[in-house]
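J.: Mind looking over this structure? Questions follow.
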Amino acid sequence: MEVSDFPAPGKLNLFLHVLGRRADGYHELQTVFRLVERADRVQIIPRRDGQLTFTGPFGDDNLCLRAARLLKQAGGSKQAGGSKLGADIALEKLLPVAGGMGGGSSDAATVLLGLNRLWHLELPRARLQQLGLQLGADVPFFIYGRNALGEGIGERLSALDLPRAWYLVITPQVAVSTREIFARALTAHSKRLKIPPFFPGQGANDLEAVVVARYPEVAAQLAWLRSRSPQARLTGSGACLFAEFATEADAAAVHAALPRGMSGFIARGLDRHPLYDWAT
């Protein structure tokens, strides 16, 4: 069987407003999702015996396997010709874990997009987004595949055209619990913005104050980054921080000045997911 190696790009929340708590326990959000070039890698080898295997971090309950099982159930158990739907899946992590860049959700989305093509299921994008929402609130965005305004819990998406940009992403070495941060988040703090248009630096991240208070290391590194780029902010529920620049050289200049004990990387903003054309 042919080995297929697919990217699972990260995202940044250019702003994140928490508008209130819903009756189902989730929070009503408004955010702008930006795809970035930095990506995990997902290797998929189709099998004809119905077995699903996984190599990589997070054990047998990882999102990649859960996505494959969900798609197998949705697509029926057999391909044309009588072979059973199966795959060997391997994950290489390059995105920070628990960093607010959506790595696990992106990995799951890439598995859904990749297996939908490799298994010849031809499920439409809207159906894949419905499946993705069962795995996590950010998964539909990666299947949607375009920079977008996200509302609801992030699953109501409207495409946005964003200018070319480069990002310096700082990676504090702490793992932030999304559940804990949302539990402590203030609700009805921000007003809903009228978008489009969207301007760089617009809005704020309403989770930032909670994360900064809980994690002094994040607070210190955000203060340093803001001294170089005043509009720097947290992405998602953290712990990653980012600043936007017009050119790669501008981002590289700040990256070169990182103090000892701080780490990060430069990522180009994308217009579309690399697998965007794999769903309709």
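None of the figures in this text is laboratory data; all of them are computed from the coordinates on show. Treat the numbers as computed from the prediction; the structure is a model and nothing was measured. When we count neighbours, we look across all protein chains shown, and the Cβ atoms used for this are built from the backbone with ideal geometry, even at glycine.
J.: Suppose we keep only residues that are of a type in the set (S, T, N, Q) and over 17 Å from residue 240 (Cβ atoms) within segment 190-218. Which one would you say is surrounded by the fewest Cβ atoms within 10 Å (Cβ to Cβ)? Please lay out each step first, then the result.
T.: Quick first cut of segment 190-218, residues of a type in the set (S, T, N, Q) only: 190, 202, 205.
Narrowing the set further to residues that are over 17 Å from residue 240 (Cβ atoms) leaves 190, 202.
Working: 190: 19, 202: 13.
Filtering first and then ranking leaves 202.
J.: To continue, here is another question. Out of 104, 136, 99, report the one residue that is assigned to a loop (DSSP other than H, G, I, E, B), out of contact with any strand residue (DSSP E or B) (no Cβ under 7 Å at 6 or more places or on another chain), touching a residue at least 24 places away in the same chain (Cβ under 8 Å) and within 18 Å of residue 36 (Cα to Cα). I'd like the intermediate steps shown before the answer.
T.: Details: 104 fails: assigned to a loop (DSSP other than H, G, I, E, B); 136 fails: within 18 Å of residue 36 (Cα to Cα).
So the residue among 104, 136, 99 that is assigned to a loop (DSSP other than H, G, I, E, B), out of contact with any strand residue (DSSP E or B) (no Cβ under 7 Å at 6 or more places or on another chain), touching a residue at least 24 places away in the same chain (Cβ under 8 Å) and within 18 Å of residue 36 (Cα to Cα) is 99.
J.: Restricting to strands (runs of 3 or more DSSP E) lying wholly in segment 1-77: which have 3 or more residues that are in contact with a Ser or Thr (Cβ under 6 Å, 6 or more places away or on another chain) and touching a residue at least 40 places away in the same chain (Cβ under 8 Å)?
T.: In segment 1-77, 4-21 are the strands (runs of 3 or more DSSP E) which contain 3 or more residues that are in contact with a Ser or Thr (Cβ under 6 Å, 6 or more places away or on another chain) and touching a residue at least 40 places away in the same chain (Cβ under 8 Å).
J.: May I pose another question? Of the numbered conditions (1) surrounded by fewer than 16 Cβ atoms within 10 Å (Cβ to Cβ); (2) in a helix (DSSP H, G or I), residue 251 fails exactly one; give the number of that condition.
T.: (1)
So that you can scan it fast, the table gives a plain yes or no per residue for (1) part of a strand (DSSP E or B); (2) charged (D, E, K, R); (3) under 18 Å from the mean Cα position of the chain (by Cα):
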position	(1), (2), (3)
143	no, no, yes
149	yes, no, yes
154	no, no, yes
157	yes, no, yes
163	no, no, no
169	yes, no, yes
173	no, no, no
180	no, yes, no
183	no, no, no
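J.: For segment 254-280, give me the residue count where each residue is of a type in the set (Gly, Ala, Ser), buried (at least 21 other Cβ atoms within 10 Å of the Cβ) and in contact with a strand residue (DSSP E or B) (Cβ under 9 Å, 6 or more places away or on another chain).
T.: 2
J.: While we're looking at this one, here's another question. Which of the residues belonging to segment 221-248 are over 15 Å from residue 176 (Cβ atoms) and part of a helix (DSSP H, G or I)?
T.: 223, 224, 225, 226, 227, 228, 248
J.: Looking at segment 86-104, which of the residues that are closer than 14 Å to residue 13 by Cα and touching an Asp or Glu at 6+ places or on another chain (Cβ under 9 Å) is surrounded by the fewest Cβ atoms within 10 Å (Cβ to Cβ)?
T.: 103
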